[in-house]
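The values are calculated or read from the model by the stated rules, or taken from the named source; none is laboratory data. Owing to the predicted nature of the structure, the values given are computational and were not obtained by experimental measurement. Every residue, glycine among them, receives a Cβ derived from its backbone with ideal geometry; neighbour counts consider all protein chains shown. Quick note on the areas: whole protein, heavy atoms, side chains included, nothing else; ligands and nucleic acids left out. Shrake-Rupley method; radii C 1.70, N 1.55, O 1.52, S 1.80 Å.
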Amino acid sequence: MDMLISLDKVERVYGRGSSAVKALDIGKLQIDRGEFVAVTGPSGGGKTTLLNLLGALDRPSRGRILVDGKDLTALGGGALCRYRREKVGFIFQAYCLLPTLSALQNVLTPALPQGAGRATRDRARQLLRRVGLAGAEKRLPGELSGGEQQRVAIARALLLDPDLILADEPTGNLDSVNGKGIIELLKDLHEMGKTVLVASHDQRVADSCSRVLRLVDGALVS
Ligand SMILES: Nc1ncnc2c1ncn2[C@@H]1O[C@H](COP(=O)(O)OP(=O)(O)OP(=O)(O)O)[C@@H](O)[C@H]1O
Ligand SMILES: [Mg+2]
């Protein structure tokens, strides 16, 4: 198999001195391209910390993180921005849409630095159709249900066709029916060949994926 992610002796310590908390301590972890991985474990186990490191929203205190052959810990500001924008699609529990932009404009935000041309706008419309939101292009996030907002967030995560999808509790704010719809969409992404990591307490996520990682007190347990 083709390895996409490799962690080597990665630690993330928050705070310092007597208030230091070791949120993550992973000796070795490898994830192949195309895997669908659920990250589970109790609250405070380190799930969000791991996803933030993989998405380069945060840096480890120690160790090395390779994604697609690139050492994230060695990248500078500009390269990190490009990595976050082009290689990774993020989906958050709280959707994190921009409230004053329409659904279509929200989907287009990853393209904003260079501006969205005709082809990109067409792709955004097509992605909204794919997540079941044809006709909702002009609506503001406040005019959409939670499940619909999360589907806009998924379309946004896909705009620049990233290899890696990171979803942190994507069904955490949703009822069971809407949650199921989001899990189905994540499964579709996996079937399209994306590498998908989902942090979740939702048993249905663990049941749908090809591998379950369990984090307790920052460590992987089997
Ligand atoms: N910014 C921070 N400053 C200090 N400690 C933090 C910070 N973020 C997280 N922690 C601590 O790191 C540990 C891991 O937190 P993390 O958010 O990764 O857990 P989690 O598995 O995502 O939990 P949950 O299921 O509640 O989302 C916890 O002990 C938490 O209190
Ligand atoms: Mg979390």
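A compact table of results
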| quantity | calculated |
| --- | --- |
| Scope region 18-29; condition more than 13 Å from ligand 1 (Cβ to nearest atom) and either over 18 Å from the mean Cα position of the chain (by Cα) or more than 25 Å from GLN203 (Cβ to Cβ) (or both); matching residues | SER18, GLY27, LYS28 |
| Criterion (assigned to a helix (DSSP H, G or I), under 24 Å from PRO170 (Cα atoms) and either aliphatic (A, V, I, L, M) or more than 17 Å from the chain's Cα centre (by Cα) (or both)) met by exactly one of ARG139, ARG129, ARG84 | ARG129 |
| Residue count for region 140-151, restricted to those that are without any contact (Cβ under 8 Å) to a residue 40 or more places away in the chain and surrounded by fewer than 17 Cβ atoms within 10 Å (Cβ to Cβ) | 2 |
| Members of region 36-55 that are of a type outside the set (A, V, I, L, M), under 20 Å from LEU72 (Cα atoms) and away from ligand 2 (no atom under 11 Å from the Cβ) | GLY55 |
| Residue match in region 74-81 (condition: part of a loop (DSSP other than H, G, I, E, B), open to solvent by less than 70 Å² (accessible area, probe 1.4 Å) and free of Cβ contacts under 8 Å to residues at least 24 places away in the same chain) | yes |
| Per-region count, region 196-212, residues surrounded by fewer than 22 Cβ atoms within 10 Å (Cβ to Cβ) and either modelled with pLDDT of 95 or more or touching a strand residue (DSSP E or B) at 6+ places or on another chain (Cβ under 8 Å) (or both) | 6 |
| Candidates ARG118, ARG64, ARG125, filtered to the one that is closer than 24 Å to THR40 by Cα and open to solvent by 30 Å² or more (accessible area, probe 1.4 Å) | ARG64 |
| Selection within region 43-64 - more than 14 Å from the chain's Cα centre (by Cα) and more than 7 Å from ligand 1 (Cβ to nearest atom) | ARG59, PRO60, SER61, ARG62, GLY63, ARG64 |
| When residues of region 213-222 are limited to those that are under 23 Å from ALA20 (Cα atoms) and out of contact with any Gly (no Cβ under 6 Å at 6 or more places or on another chain), the one most open to solvent (accessible area, probe 1.4 Å) | ASP217 |
| Subset of region 184-195 [in contact with a helix residue (DSSP H, G or I) (Cβ under 8 Å, 6 or more places away or on another chain) and open to solvent by 10 Å² or more (accessible area, probe 1.4 Å)] | LEU185, LYS187 |
| Residue within region 154-162 that is open to solvent by 20 Å² or more (accessible area, probe 1.4 Å), part of a helix (DSSP H, G or I), more than 17 Å from LEU127 (Cα to Cα) and away from ligand 2 (no atom under 16 Å from the Cβ) present | no |
| Close pairs (6 angstrom Cβ cut-off, 6 or more residues apart or separate chains): among the basic types (Lys, Arg) in region 9-33, open to solvent by 70 Å² or more (accessible area, probe 1.4 Å) anywhere | ARG33/ASP2 |
| Filter result for VAL39 (surrounded by 15 or more Cβ atoms within 10 Å (Cβ to Cβ) and within 16 Å of ligand 1 (Cβ to nearest atom)) | yes |
